[in-house]
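One structure below.
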Amino acid sequence: MVEKPSPLLWERGDSLLEIVEQSTARATDDIVGAVSADRWQELKLTFQKYPGDHSWSVRANDFTGIAKLDIDGKPVHLRVTPKIEGLDLFFLADWAYGTRSLGKKLQDSRVDLAALRSEPAACLIGWYLAEVMSFATRWLRRGYVKREEDLVGRVRGRIDIARYLNTSIAQARPHVIPARFYEPSHDTPANRYLKAGLRKAAILARAVPLESARVALDELTRRALSLFYGVADLPANPQDALRLNLSGPLRHYGPIVSFTTALLEGTYLTTELGGHKQDAIMWSLNELYEQALRNVLRDWPTASLVQGKHRATITRASEEQVVSGSTPVKPDFVVRRADGSVLILDAKYKSVLTPTTSSSSEEINLLSARGPRIRVRRADIYQVVAYARHSELRTDKVVLLYPVSLAAGESFPPPLKVNEFSPTCHIAFFDVGPNAESNRSNLYDVLDHL
């Protein structure tokens, strides 16, 4: 019997190359050689081939998104999908950078939500556009901009004496008065920065392979840009955000400027190969997951995040006071509950709910009473237990927090314990699926009762 080729085999002539983040696919020599090694590296893909292999093993990094490649003069789309099946990017986006009303904002924008949800990259671009539109509708501020203008028969602001003598008087036009003045305008540095972000989002939207999603994003982009009429179109880079004064009346610009900076620095890649422009949008869901979880924990009604920097120092055995070096000790989250107890949480963006029975020596299979086996890396357990033994972080409650995607009606998984460690290591779950918002209170309840 002839075996059917794997659905994850990349071949020359394919119009769509798909792979799951942090997983592998196979690729033929032709498809690998058709794209430069630098381009594959930019897209966070690595290739490996052992002697005797007929195809390459392709491994994706922890970036998710889409890219448009030029192979044999034809556009080919690369799509890296999330490893958590059913992951709700809108939920993570809302809690990472948004205002927790993203769905309503998109509905208010009359965008085709179904078209966006079916394409991860379109979700992320649409999320950014919706946030900018919502911000511009409510918070877009005018500032005083310096103008220089030749006024006829009137005076405003300060007269530029030097220009008046050298031009107006010298040319026998004393009625033309060069003036310098300030006037309120939307054409401010902060607004120019946001408009530059919109232009970048518009370029990235063209790389989305699904036509219905592209149409929805184009319409959303046009409506967003219309709110910035009168703002100059100037290129921007992430460093420009450091020069913006966002205090006082511009304090509301902070979150949306941060989001625009995230879009401009490393969240997408663009390059030129010959005369053909290549575009890609690649987001780290690992970072998105941690930032969303941070804000979810900040919203925990009966607990608060504890800030602090801790280090482990290296001293000479004979001279304890002589420090030879140090290293930071940085658990993801330290939480103080209402009862005063301290909880150390280490967020792991890993898919631990797996139907497979295979396991490596570095993993522990845990049996869940209400679902499939759960695979946890030993190193994750050792790491979070070590945090709790630090002299400034001593606690008997440490938690590994993993993402899950729960379907409608599926019960929230109970926490698990890894005994025989001091302290005991708890394993809990954070729902990032379509019912994540309704299950948020279940997370608080689990952490409250550990």
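The values are calculated or read from the model by the stated rules, or taken from the named source; none is laboratory data. Not measured: the values here are computed from a predicted model. Cβ sites come from the backbone with ideal geometry, for glycine too, and all protein chains shown count toward neighbours. In case anyone asks, the SASA skips ligands and DNA or RNA and just uses the protein heavy atoms, side chains included. Shrake-Rupley method; radii C 1.70, N 1.55, O 1.52, S 1.80 Å.
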Name the residues whose placed amide hydrogens come within less than 5 Å of the amide hydrogen of Arg311, ignoring near sequence neighbours (fewer than 5 apart) on the same chain. Val329
Give me, ordered by chain and number, the residues 5 or more places off Val404 or on other chains with an amide H under 5 Å from its own placed amide H. Phe430, Asp431, Val432
Net charge dipole size for segment 372-415 [Lys, Arg +1 and Asp, Glu -1 on Cβ; Debye, nearest 20]: 220
Cα-based equivalent ellipsoid, segment 375-450: semi-axes from gyration tensor eigenvalues, Å: 26, 13, 10
Once you have the Cα-Cα distance between Glu211 and Arg377, take 0.36 nm times their residue separation minus that, and quote the gain in nm to one decimal. 55.7 nm
Residue by residue through segment 382-390, which ³J(HN,Hα) values in whole Hz follow from phi under the Karplus form 6.51 cos²θ - 1.76 cosθ + 1.60 (θ = phi - 60°), with glycine and proline marked x? 4, 5, 6, 5, 5, 4, 5, 8, 5
Could you compute how much accessible surface His77 exposes when probed at 1.4 Å, giving the result in Å² to the nearest 10? 30
Counting Lys and Arg as +1 and Asp and Glu as -1, each charge on the Cβ, what is the dipole of segment 139-214 about the Cα centre in debye, to the nearest 20? 220
Can you compute 3J(HN,Hα) from phi for each residue in segment 249-259, using the Karplus curve 6.51 cos²θ - 1.76 cosθ + 1.60 with θ = phi - 60°, rounded to whole Hz and x for Gly and Pro? x, 9, 5, 6, 6, x, x, 6, 5, 4, 5
At 7 Å along the Cα-to-beta-carbon direction for both Thr313 and Phe181, put a label point, then send me their distance in nm to one decimal. 6.4
What nm value, rounded to one decimal, do you get for the distance between Leu16 and Asp299 when each label is placed 7 Å out toward the C-beta? 3.2
Leaving ligands, DNA and RNA out of it, work out the accessible area of Arg180 with a 1.4 Å probe and give it in Å² to the nearest 10. 100
Can you list the HN-Hα couplings for segment 74-81, worked out from phi with the Karplus curve (6.51, -1.76, 1.60; θ = phi - 60°), rounded to whole Hz and with x for Gly and Pro? 10, x, 10, 9, 9, 10, 10, 9
Kindly give Rg over Rh for segment 207-257, based on alpha-carbon atoms, with the Kirkwood expression for the hydrodynamic radius. 1.09
Report the local net charge at Ser15: Lys and Arg +1, Asp and Glu -1, summed over other residues whose C-beta lies under 13 Å from its C-beta. -2
Cut-off under 5 Å, modelled amide H: who pairs with Trp10 long-range: Arg26, Ala27, Thr28
